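Worksheet: one structure, shown below.
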Amino acid sequence: MTENVFYVDAKGKIVDFLSNNFDGFPVKLQNRFLHFFPLMTHYEEEGQRYYPSILFTSDIDIIAKHLPYPSKVELFCDENEHMFNNRIRALAPFTHNDWCIYIEVKDGRITYGILRNTNSIKEKSLEDVIFASQTLREKKVCAILAYADNSWTVTMKSLKGNVLNTNFALDIMGHNDIDHEVTQFVNASFSKLKTTAKKLNELKTMFHNVFKNVLRDIGGTICVVVENGYERDEFLEDGVWLKEPIGMSRLFLQTNNYSEQKLVATADLFMAMLNKDGITVIDNTGQILAYNVFVEINTKLAGNIIGGARKRAAYTIINSRKKGIVGVYFQSFDGEMFFAAAKK
């Protein structure tokens, strides 16, 4: 027996979202986008995987003017939608370097290019700047950003403040509020750092930007937050503990003339640690303490958890009631992610 299963409901929701948030969105362009939409979570060209972000807009110049450090490159201009797939194929490789594909629908023409906010890692991303702008919302401009949150969810946001998440997982667990979970983790990671409100906000923004890439580029990871001054014991002993903790906050606190290159290099190092097997440990002043750490899974502490060894390890830590453990960030290969405070 053959059974065909279609994302009919998802298709209808996407069509409604486009029509309700972009006045006069061309139907033929919509159909091309709908065919491409399922590929956004696993798009590949010549063996390289990409997670393209696509910004549909009625006026790219107005959007660019509202970015603090805009870089815009126009590459193609067509009279119709026939070249849509070819244009996406040509532009997708740029998204590996944080460029966003833009598609402007204006005056009966479709213009393709790439857009980037070439700002510091400590400042808000292109997406955050655009959709936090009250001025843009008040202008007569349409904008919809479509991007893969991770390998199982595509998110669409509009200037009207609407959001649509399409989940392609078969065991629908519900779409976690990813921003909320990451924000909870980031807040815990700097809860004991004493600095100015401005520098604290910059540090939190930087960590938030890093973990957007973690969601996109790393299949699974665990990051444990501990109290500042944490004294490790046999529970988290098995791993690589740094002789001198790495504190990204020091680059902000020691001098106003911090090195952007060193900051990016340290963020990349942190990403590499998170991508290693085992657990990365940081304290609640934002210092990296250890990586490649393993715990012995305790089935009683883990409980009746459905999932692999990484998830059972996460719940072993959460339920351990060990002194000094603040919380656990968990992300699995099959799409689940959360931050949970440790039980006291």
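The values are calculated or read from the model by the stated rules, or taken from the named source; none is laboratory data. All values derive from a computational prediction rather than experimental measurement. In this analysis, Cβ positions are derived from the backbone assuming ideal geometry, glycine residues included, and neighbour counts consider all displayed protein chains.
Is it the case, given these coordinates, that Thr195 is in the same structural domain as Arg321 (by TED's automatic domain parsing), among the hydroxyl-bearing types (Ser, Thr, Tyr), under 14 Å from the mean Cα position of the chain (by Cα) and not in a strand (DSSP E or B)? Walk me through how you get there before you give the answer.
Working: in the same structural domain as Arg321 (by TED's automatic domain parsing): yes; among the hydroxyl-bearing types (Ser, Thr, Tyr): yes; under 14 Å from the mean Cα position of the chain (by Cα): no; not in a strand (DSSP E or B): yes.
Judged against the criteria, Thr195 is not a match.
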| query | How many residues does the range 76-118 hold that are farther than 23 Å from Pro38 by Cα and touching a residue at least 24 places away in the same chain (Cβ under 8 Å)? | reply | 10
| request: For Ala169, state whether it is modelled with pLDDT under 85 and aliphatic (A, V, I, L, M). | output: yes
| Tally time: how many residues in the range 178-193 are without any contact (Cβ under 8 Å) to a residue 40 or more places away in the chain and either under 22 Å from Asp277 (Cα atoms) or in contact with a helix residue (DSSP H, G or I) (Cβ under 9 Å, 6 or more places away or on another chain) (or both)? | 4
| message | Which pairs turn up if I take residues in the range 210-237 that are in the same structural domain as Met273 (by TED's automatic domain parsing) and look for partners that are of a type in the set (A, V, I, L, M, F, W, C) and exposed (fewer than 15 other Cβ atoms within 10 Å of the Cβ) with beta carbon separation below 6 Å, at least 6 apart in sequence or on another chain? | response | Gly219/Phe333; Gly220/Phe333
| field | Residue count for the range 102-123, restricted to those that are modelled with pLDDT under 90 and either assigned to a helix (DSSP H, G or I) or surrounded by 19 or more Cβ atoms within 10 Å (Cβ to Cβ) (or both) | value | 2
| query | Considering only residues of the range 40-75 that are under 26 Å from Ile14 (Cβ atoms) and free of Cβ contacts under 8 Å to residues at least 12 places away in the same chain, which is surrounded by the most Cβ atoms within 10 Å (Cβ to Cβ)? | reply | Arg49
| said: Exactly one condition in (1) part of a loop (DSSP other than H, G, I, E, B); (2) within 17 Å of the chain's Cα centre (by Cα) is false for Leu215; which is it? | reply: (1)
| query | Out of (1) in a helix (DSSP H, G or I); (2) in contact (Cβ under 8 Å) with a residue 60 or more places away in the chain; (3) surrounded by fewer than 18 Cβ atoms within 10 Å (Cβ to Cβ), what's the single condition that is false for Arg137? | reply | (2)
| message | Please go through the range 194-222 and give me each residue that is modelled with pLDDT of 90 or more and farther than 18 Å from Asp149 by Cβ, ordered by number. | response | Ile222
